[in-house]
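Encoded as structure tokens, the structure appears first; notes follow it.
The values are calculated or read from the model by the stated rules, or taken from the named source; none is laboratory data. Quantities reported herein were computed from a predicted structural model and do not represent experimental measurements. Heads up: the accessible areas ignore ligands, DNA and RNA and are worked out on the full protein's heavy atoms, side chains in. Shrake-Rupley method; radii C 1.70, N 1.55, O 1.52, S 1.80 Å.
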Amino acid sequence: AEKVIQGLEQGESIESLQSSLARINTESFELHAEFEALAKKWLMAGKKVVTLGGDHSVSLGPIRALAERETFSVLHIDAHADLRVCYEGFEHSHASIMHHVKNLAGVEALVQVGIRDLAPDEFAEIERNPKIKTHFDWDLRRASARGVSWAEQCKTIVDGLGENVYLSLDVDGLDPKYCP
């Protein structure tokens, strides 16, 4: 990925980097399949699966495995919407995880909390997709300023979730002064 990122930073066209991107995208797909198989193994054994990683992209395989078994909502706490179809040519990047998740049949709702940075196409997807409910950081702060308690806001957030919930937490979705 470094070769692609450096190439883009130096002004190379994305077209000239297609062979590297194809390899990375294939390997990312294989990584998700490996994590999915591991998650299936443990889910079939009756275990709960927790995935810890540097970003949300490590979660796609386990979420797919769970979506084959049951219906659930995803509670996505993050500063970013992560709804990009593709980011800098990377089809399975950290910036596109929720794009893939929202399309899974077993995911009945995607409830996002704390979003404060997103692209216009991500905002358009939020606006048009009834499966997605986003609680933007600015709306949460505005409600607080109008006297709506955090408990009331949490009730509204939770009301958008189904009975079963998969939690996806990115530390930058917490208070911006701690995670700018």
(message) Could you work out [θ]222 nm for the chain from helices alone, using -39500 (n - 2.57) per DSSP H run of at least four and dividing by all its residues? Round to the nearest 500 deg cm²/dmol.
(response) -13500 deg cm²/dmol
(request) Using a 1.4 angstrom probe on heavy atoms only, work out the carbon and sulfur share of the accessible area of region 55-180 in %. (result) 53 percent
(request) For the chain, report the accessible area per residue in Å² (1.4 Å probe, heavy atoms, rounded to an integer). (result) 58 Å²
(request) Quote the relative contact order of the chain in percent (integer), defining contacts as alpha-carbon pairs under 8 Å separated by 6+ residues. (result) 22 percent
(message) Assuming 0.36 nm per residue, please report the length gained on full extension of the stretch ALA45 to ARG141 beyond their Cα-Cα distance.
(response) 30.3 nm
(request) Quote to one decimal, in nm, the extra length available between THR156 and GLU68 on full extension: 0.36 nm per residue of separation minus the C-alpha distance between them. (result) 28.9 nm
(message) Run the numbers for THR26 and LYS177: contour at 0.36 nm per residue of separation, minus the present Cα-Cα distance, in nm.
(response) 50.7 nm
